[in-house]
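These notes are about the structure you will find just below.
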Amino acid sequence: MFSICTVVLGIILSFVPWLDYIIFRELRLWNGSLSYSYWQKPGVVRLTKVYIFNVTNPHAFIENGEKPKLAEVGPFVYREDMEKVNIKFHDNDTVTFQHKKILRFVPELSVDKTQKLLVPNIPLLTVTSFSPNLAGFVFNLLVTGLAITYKDRAKPFVHVTAEELVFGYNDPLVTLAHYFYPKGKRPNSQMGLLLARNGTLDEVSTIYSGERMDRFGYLDKVNGLDHLPHWRDRPCNDIRASEGSFFPPRAVTKSDLVYVYDKDLCRILPLQYRNDVYKDGIKAGLYTPPNSTFECARLNPDNRCYCEGEECPPRGLQNISPCQYNAPVYLSYPHFYDADPTLLEPFEGLKPDKKRHETYFYIQDKIGVPLEGFVRVQMNLKVNRAPNIKVNNIHKFPDMMFPVMWIEEGIHEVTPSIWRWIFLATTVGPIAAPVICYSMIIIGLSILITIFVKAYKNFVIGQNSIEIMELGKETLRRGSTLIINGSHKLIHKDNVYQPLNQSDPSTPNSEEKLHELKFVTRSECFSRSLDEVNGNVRSGFVKSNFCNPERESLINSDNSFILSEHRRCRVFKLPDSYFS
């Protein structure tokens, strides 16, 4: 029964995807699954690297019209300790949560964060860029007041540290906007490009927990909306993308496209499968953004909805002003990588490089977990010339897309515990599963064959043994009777007598003659070897009573029953002539 059950179970498991069931059960998000702990508090080293473009010739650029000379300074590295809080599971295969992020500066991986850098005055240039559409004297009055009250804050460029630019510095225009803007569109009280990243984010996300793997990890809603409120039309306002922890497995979806969402991107970013790679011994897929991601609207109509009420930018740029309090901020790849060459011409010091500036992900196709990945984007300020504002020569600042800084955020590797789990599920499991199934079938069949062979041998050989035993019993009966009747056996307590000579039956009065008996002690009789008695008795009886085949079989037989019967007669030593 054990072997039959083993074979049946092995056959069933070979046709049932039981390993996938175990993997996907632990992959689903529920309180207690393996993936839940990784997702709730990843523990991976997630780094945010900031590179700032320092302007080295501001006076020559403004006064003499030279190209701005940009020197990339960095990295300024921040470790992102992240966890999900306010987690709530729902019955419709979704889970709601908020991000809690704390960025901590990592000095051993960074350059000096206290050094002063010269960057565009983003609040001022944002305000002056609107001046051509409004009364020029109002902006002149505003900038003149700033120049008198805050002398350094009324210039086209400001000196700030990396820490101030990233996490905030006081600026009068930002403070003014914070108090007078409508509540829903009110900016922070300080000027900081990543200021909103620290702490518990206001954004409430709802993602699919994995009941259906074809949408696992994708957003269902953000702040209760099933679309991005910044854009009016699809696909720009589409929200169906991953927040970065999990992606729908390519082995399930059979699709070469996945999507990732980041609030700072102000859109979902497509990622296309390119080829297979290996990361620390685990097979994964390399995903990079398609070439059409930041393509101009003329060649990619899907990008036209990002150009609401304005002319669409050239290839390589993405308008994200709706996410930046309507400041003219544009997104691109670092150093205008894969962008229109005209964006590079006004500057010196920009050197696009695919290896350093491309966004990519290594995603395990079986379970959809990223093993490595970096999003690299550059923040640019679109400056429109303000010819009516001559304070501090602001009117000389030309129309251009001015790069401010670029960011790299992501993970270089997963933790050892997560790696072991992924390695077992994706590398060891697919090999071990069929080995287990086929081993069960082979072992079960081997046991069955062994049992049948032994049963067959016992049946056939057992029948022959019974026949031999019956022949032996009959022989012993005949021999015993002959010995008893012919020997007139006399047994005493300590002595044994056995015939010395047998009389001739033809002699008259032979029945009345006494046989001569040889006196034999019992101890001497029993000292004879079993082989001697066995040979004498069995050989004589068999030769006189059976044919040749039967004789050979019985003489050579080592049957215990025959030997036991012979033992009863071994006290008599009979001459061979007695049986002839």
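The values are calculated or read from the model by the stated rules, or taken from the named source; none is laboratory data. All values derive from a computational prediction rather than experimental measurement. Every residue, glycine among them, receives a Cβ derived from its backbone with ideal geometry; neighbour counts consider all protein chains shown. These area figures cover heavy atoms from the full protein model, side chains too; ligands, DNA and RNA do not enter into them. Shrake-Rupley method; radii C 1.70, N 1.55, O 1.52, S 1.80 Å.
In a residue-by-residue description of the range 104-121, the property of being at positive phi, assigned by the TED database to the domain that holds residue 381 and either open to solvent by less than 60 Å² (accessible area, probe 1.4 Å) or modelled with pLDDT of 90 or more (or both) applies to no position. Within the range 229-260, the set of residues being closer than 30 Å to residue 326 by Cβ and of a type in the set (A, V, I, L, M) comprises 239, 241, 260.
Within the range 201-225, the set of residues being farther than 17 Å from residue 323 by Cα and more than 29 Å from the chain's Cα centre (by Cα) comprises just one member, 224. In this structure, is residue 211 assigned to a strand (DSSP E or B), touching a residue at least 12 places away in the same chain (Cβ under 8 Å) and charged (D, E, K, R)? Taking the combined requirement at face value, the residue does not satisfy it. Only residues that are open to solvent by less than 10 Å² (accessible area, probe 1.4 Å) and not in a loop (DSSP other than H, G, I, E, B) were counted across the range 367-389, and they come to 7. Only a single criterion out of (1) over 21 Å from residue 406 (Cα atoms); (2) open to solvent by 20 Å² or more (accessible area, probe 1.4 Å); (3) part of a loop (DSSP other than H, G, I, E, B); (4) of a type outside the set (D, E, K, R) is not satisfied by residue 291, namely (1). Among the residues making up the range 294-337, those that are in contact with a Lys or Arg (Cβ under 8 Å, 6 or more places away or on another chain) and open to solvent by 50 Å² or more (accessible area, probe 1.4 Å) are 299, 308, 325, 326. Looking only at residues in the range 282-324 that are touching a residue at least 24 places away in the same chain (Cβ under 8 Å) and basic (Lys, Arg), the one that is nearest to residue 265 (Cα to Cα) is 315. For first residues located in the range 32-54 and more than 30 Å from residue 157 (Cα to Cα), partners that are crowded, with 18+ Cβ neighbours inside 10 Å and aliphatic (A, V, I, L, M) and lie 6+ apart or on another chain with Cβ distances below 6 Å form the pairs 35/27; 36/29; 38/418; 44/411; 44/414; 46/411. Within the set 160, 127, 143, the sole residue that is surrounded by 14 or more Cβ atoms within 10 Å (Cβ to Cβ) and modelled with pLDDT of 85 or more turns out to be 160. The residues on offer are 276, 256, 262, and the sole one that is acidic (Asp, Glu), in contact with a strand residue (DSSP E or B) (Cβ under 8 Å, 6 or more places away or on another chain), under 25 Å from residue 201 (Cα atoms) and surrounded by fewer than 20 Cβ atoms within 10 Å (Cβ to Cβ) is 262.
For the condition closer than 21 Å to residue 221 by Cα, modelled with pLDDT under 90 and part of a strand (DSSP E or B), residue 101 qualifies. Each residue in the range 258-274 was checked for being over 16 Å from residue 213 (Cβ atoms) and either without any contact (Cβ under 8 Å) to a residue 12 or more places away in the chain or assigned to a strand (DSSP E or B) (or both), and 11 pass. Can you tell me which residue within the range 198-227, out of those that are more than 18 Å from residue 268 (Cα to Cα) and either hydroxyl-bearing (Ser, Thr, Tyr) or at pLDDT below 80 (or both), is surrounded by the most Cβ atoms within 10 Å (Cβ to Cβ)? Among those that are more than 18 Å from residue 268 (Cα to Cα) and either hydroxyl-bearing (Ser, Thr, Tyr) or at pLDDT below 80 (or both), it is 209. Taking the range 238-253 as the range and being open to solvent by less than 30 Å² (accessible area, probe 1.4 Å) and either of a type in the set (A, V, I, L, M, F, W, C) or out of contact with any strand residue (DSSP E or B) (no Cβ under 9 Å at 6 or more places or on another chain) (or both) as the test, the residues that pass are 239, 241, 246, 247.
Residues in the range 410-421 that are in contact with a helix residue (DSSP H, G or I) (Cβ under 9 Å, 6 or more places away or on another chain) and surrounded by fewer than 22 Cβ atoms within 10 Å (Cβ to Cβ): 413, 415, 417, 418, 421. Can you confirm whether residue 355 is open to solvent by 20 Å² or more (accessible area, probe 1.4 Å), in a strand (DSSP E or B) and out of contact with any helix residue (DSSP H, G or I) (no Cβ under 6 Å at 6 or more places or on another chain)? It is false that residue 355 is open to solvent by 20 Å² or more (accessible area, probe 1.4 Å), in a strand (DSSP E or B) and out of contact with any helix residue (DSSP H, G or I) (no Cβ under 6 Å at 6 or more places or on another chain). Screening residue 364 against (1) open to solvent by 20 Å² or more (accessible area, probe 1.4 Å); (2) on the phi < 0 side of the Ramachandran plot; (3) of a type in the set (S, T, N, Q) leaves a single unmet condition, (1).
Scan the range 362-375 and give yes if some residue there is in the same structural domain as residue 210 (by the TED database), acidic (Asp, Glu), at pLDDT 90 or above and out of contact with any strand residue (DSSP E or B) (no Cβ under 6 Å at 6 or more places or on another chain), otherwise no. Looking for residues that are in the same structural domain as residue 210 (by the TED database), acidic (Asp, Glu), at pLDDT 90 or above and out of contact with any strand residue (DSSP E or B) (no Cβ under 6 Å at 6 or more places or on another chain), one finds none in the range 362-375, hence no.
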